[in-house]
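Below is one structure, written out as structure tokens; the observations come after it.
The values are calculated or read from the model by the stated rules, or taken from the named source; none is laboratory data. Given the structure is predicted, the values throughout are model-derived calculations rather than measurements. Positions of Cβ are generated from backbone atoms using ideal geometry, with glycine treated the same way; all protein chains shown enter the neighbour counts.
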């Protein structure tokens, strides 16, 4: 299992970490066990369940292919064993009370999701409980530009505020210009922290003030 999760983390920083801290291989918004779904612009946002794991893997895989293909080896992106490992890891992740995965439903199916939790790097200048992480936000490519990502982002921010979060963090690959622009439009800003990423392009950390 370590090999599988290493491949996931290598090819997709945020959700690799969302999955990697499951029992065999560590999020703040507590799952709302009474979640009835939130409707926004024709999109229904609800809590993910174990039954969604295969769909989350497929959305994750298809979205990351749009920016990693050609920069991450095909054998990593296409390895069936890695896909199976991702499914098992998602099943564990969505079942844990310290994680939150939100599904966006539209047209009768799940078309995107967001993965939330506590920061995976130390918080040195604030209460760790006041800082949260957006590990990943993915929408199937054919449904881009229909406010599905915006709906997921808005619901994530609502839950963070409800939980008393004052700062959110994320990492975005430098070459993923579409994602960087999406977050900049919503108030996220780079904080100067970087980590090595695929193709010699770093992962950039961005932060969002919720105070």
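Points worth noting:
- Filtering the range 66-83 to residues that are in a helix (DSSP H, G or I), surrounded by fewer than 16 Cβ atoms within 10 Å (Cβ to Cβ) and at pLDDT 85 or above leaves 66, 74.
- Per the listing 187, 136, 197, the residue uniquely farther than 22 Å from residue 90 by Cβ, touching a strand residue (DSSP E or B) at 6+ places or on another chain (Cβ under 6 Å) and modelled with pLDDT under 95 is 197.
- Residues being in contact with a helix residue (DSSP H, G or I) (Cβ under 9 Å, 6 or more places away or on another chain) and surrounded by 13 or more Cβ atoms within 10 Å (Cβ to Cβ) - total across the range 98-132: 20
- The listed residue being farther than 22 Å from residue 179 by Cα, at pLDDT 55 or above and outside any helix (DSSP H, G or I), out of 36, 46: 46
- Scanning the range 176-194 for residues that are over 17 Å from the mean Cα position of the chain (by Cα) and either surrounded by 14 or more Cβ atoms within 10 Å (Cβ to Cβ) or not in a helix (DSSP H, G or I) (or both) yields 187, 189, 190, 191, 192, 193, 194.
- Residue selected from the range 86-126 under the condition at pLDDT 85 or above and over 17 Å from the mean Cα position of the chain (by Cα), by the criterion nearest to residue 157 (Cα to Cα): 106
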